[in-house]
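Structure first, commentary second.
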């Protein structure tokens, strides 16, 4: 049981059962975010009204906390909660939207690999020659959304995207499973392919290129260099919206905006976020 809960499991059950009020629960719970994570794992269910009261109290408390000055810290904590709850498949997935040269939008799911809360960017990896890579090169402005419906959280972000340093991409590529490394070399992402057999042939040719036997794909220690057309991106945020599910569809929406400029991959960003509450 979490050390953030200052009473035993049996005591907490009794408090919730016999004194189901926010005032009483406040006396035995120290950290409300940890409490909710614990409730999910313990499989305990609160009444709708009480759950709403506690949930509203938590959001009000977050608004007044110093960490809310940086919305990326909330994004990171919500992502961690989604991971620990084990209720949300692929909790680090996000929908990334870009536009092509005609101004037509494209959106796809990918995985967020890191959130840099101090500087305000997230990291993802892909093929630089893919459709999204080409569109990012032509227009670095982008938007993305994280949505955890099981927890009632959503985060929308806007900003500009630049390539990660080579060292960072090399380090992450080296940490990937060998099969994924081979796949990055074998696939010309987003390009047409005749059929599945042709794609498998490309994969087998790549195995031969690096002198790897098919049955040794799990070989530990085999080193393959990162292809130059594959690597990471830093998604620098200048707008973030935190959304939290609420009763009667009166959801909480907090919008954050800061100054951000990028020239020749040189980033200038302030940590002074302007906060605006939006109507649902």
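The values are calculated or read from the model by the stated rules, or taken from the named source; none is laboratory data. Everything quoted here is computed from the prediction, not taken from an experiment. Virtual Cβ from ideal backbone geometry, glycine too; neighbours counted across all protein chains shown.
Determine, yes or no, whether residue 198 is at negative phi and either surrounded by 12 or more Cβ atoms within 10 Å (Cβ to Cβ) or in the same structural domain as residue 156 (by TED's automatic domain parsing) (or both). It is false that residue 198 is at negative phi and either surrounded by 12 or more Cβ atoms within 10 Å (Cβ to Cβ) or in the same structural domain as residue 156 (by TED's automatic domain parsing) (or both). Residue check: residue 263 meets all listed conditions (1) without any contact (Cβ under 8 Å) to a residue 40 or more places away in the chain; (2) farther than 25 Å from residue 167 by Cβ but one, namely (2). Is it true that residue 167 is without any contact (Cβ under 8 Å) to a residue 12 or more places away in the chain, at negative phi and in a strand (DSSP E or B)? It is false that residue 167 is without any contact (Cβ under 8 Å) to a residue 12 or more places away in the chain, at negative phi and in a strand (DSSP E or B).
Yes/no matrix, rows are residues, columns are (1) surrounded by 11 or more Cβ atoms within 10 Å (Cβ to Cβ); (2) modelled with pLDDT of 95 or more:
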{"site": "178", "(1), (2)": "yes, no"}
{"site": "190", "(1), (2)": "yes, no"}
{"site": "193", "(1), (2)": "yes, no"}
{"site": "206", "(1), (2)": "yes, no"}
{"site": "209", "(1), (2)": "yes, no"}
{"site": "215", "(1), (2)": "no, no"}
{"site": "218", "(1), (2)": "no, no"}
{"site": "227", "(1), (2)": "yes, yes"}
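Residues in the stretch 141-166 that are at pLDDT below 95 and over 21 Å from residue 273 (Cβ atoms): 148, 149, 150, 151, 152. Selection of the stretch 141-155 for residues being out of contact with any helix residue (DSSP H, G or I) (no Cβ under 9 Å at 6 or more places or on another chain) and surrounded by fewer than 18 Cβ atoms within 10 Å (Cβ to Cβ) yields 141, 145, 147, 149.
Residue pairs whose Cβ atoms lie under 6 Å apart, separated by 6 or more positions or on different chains, with the first residue in the stretch 138-153 and under 17 Å from residue 115 (Cα atoms) and assigned by TED's automatic domain parsing to the domain that holds residue 101 and the second modelled with pLDDT under 95 and part of a loop (DSSP other than H, G, I, E, B), are 148/88.
Being crowded, with 17+ Cβ neighbours inside 10 Å, outside any strand (DSSP E or B) and in contact with a strand residue (DSSP E or B) (Cβ under 9 Å, 6 or more places away or on another chain) holds for only one residue in 235, 173, 256, and it is 173.
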